[in-house]
Amino acid sequence: MGAAYFYHLTQRPLEVVLPQLLERARGAGWRVLVRGGNEVRLDQIDIALWTYGEASFLPHGRAGGPHDDAQPILIAPPGDLPEGIACLMSVDGADVSAEEVERLDRVCILFDGTDHGALEKARSQWRALTKAGASAQYWSEETGKWEKKAEA
């Protein structure tokens, strides 16, 4: 049984936080799906993962290629959850189901705390997932470091 971790981004942008979380997920041995809202944003994430650090490398690919099953990190629009995924990272309000939270080791929902629409979407996701019985944690970086603020 997994859990949904909500990450409220207030100090750093997604392009900084996402690679750090992906490194941790890969360190746990998880195969990760990054689910985003639109193709332009997914292209930006793809580029950010190639260029975020000179000393680091996060092997990844865009969904729809011939080697999707071999990608340790797969970047995809909303849709089905490929086999072998252990961790789902949702960005830009991409939907996550309670069944996905139950099935996976971890679901991370990253949202921009400076965007009112993103904040409302995250609140809606929290209510829907916890109402369906999913475990959830809310993490905030408002003090400059990650702190768990709520758990359900």
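The values are calculated or read from the model by the stated rules, or taken from the named source; none is laboratory data. Everything numeric here is computed off the predicted structure, so don't read it as measured data. In this analysis, Cβ positions are derived from the backbone assuming ideal geometry, glycine residues included, and neighbour counts consider all displayed protein chains. Each accessible area value is taken on the protein alone, full model and side chains, heavy atoms only, with ligands, DNA and RNA left out. Shrake-Rupley method; radii C 1.70, N 1.55, O 1.52, S 1.80 Å.
Okay, here's what the table says:
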| item | result |
| --- | --- |
| Among (1) more than 22 Å from residue 48 (Cα to Cα); (2) more than 13 Å from the chain's Cα centre (by Cα); (3) in a loop (DSSP other than H, G, I, E, B) - the single one residue 102 does not satisfy | (3) |
| Residue that is most open to solvent (accessible area, probe 1.4 Å), among those in the stretch 1-19 that are assigned to a strand (DSSP E or B), farther than 15 Å from residue 112 by Cβ and of a type outside the set (Phe, Trp, Tyr) | 3 |
| Of all residues in the stretch 51-67 being surrounded by 14 or more Cβ atoms within 10 Å (Cβ to Cβ) and assigned to a loop (DSSP other than H, G, I, E, B), the one that is modelled with the lowest pLDDT | 52 |
| Selection from the stretch 36-61 of residues that are closer than 18 Å to residue 23 by Cα and of a type in the set (Val, Ile, Thr) | 45, 47, 51 |
| Residues (open to solvent by less than 50 Å² (accessible area, probe 1.4 Å), part of a helix (DSSP H, G or I) and modelled with pLDDT under 95) located in the stretch 20-50 | 41, 42, 45, 46, 48, 49 |
| Given (1) open to solvent by less than 20 Å² (accessible area, probe 1.4 Å); (2) in contact with a helix residue (DSSP H, G or I) (Cβ under 6 Å, 6 or more places away or on another chain), index of the condition residue 125 fails | (2) |
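Here's the yes/no breakdown for (1) open to solvent by less than 20 Å² (accessible area, probe 1.4 Å); (2) in a strand (DSSP E or B):
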site	(1), (2)
69	no, no
75	yes, yes
85	yes, no
138	no, yes
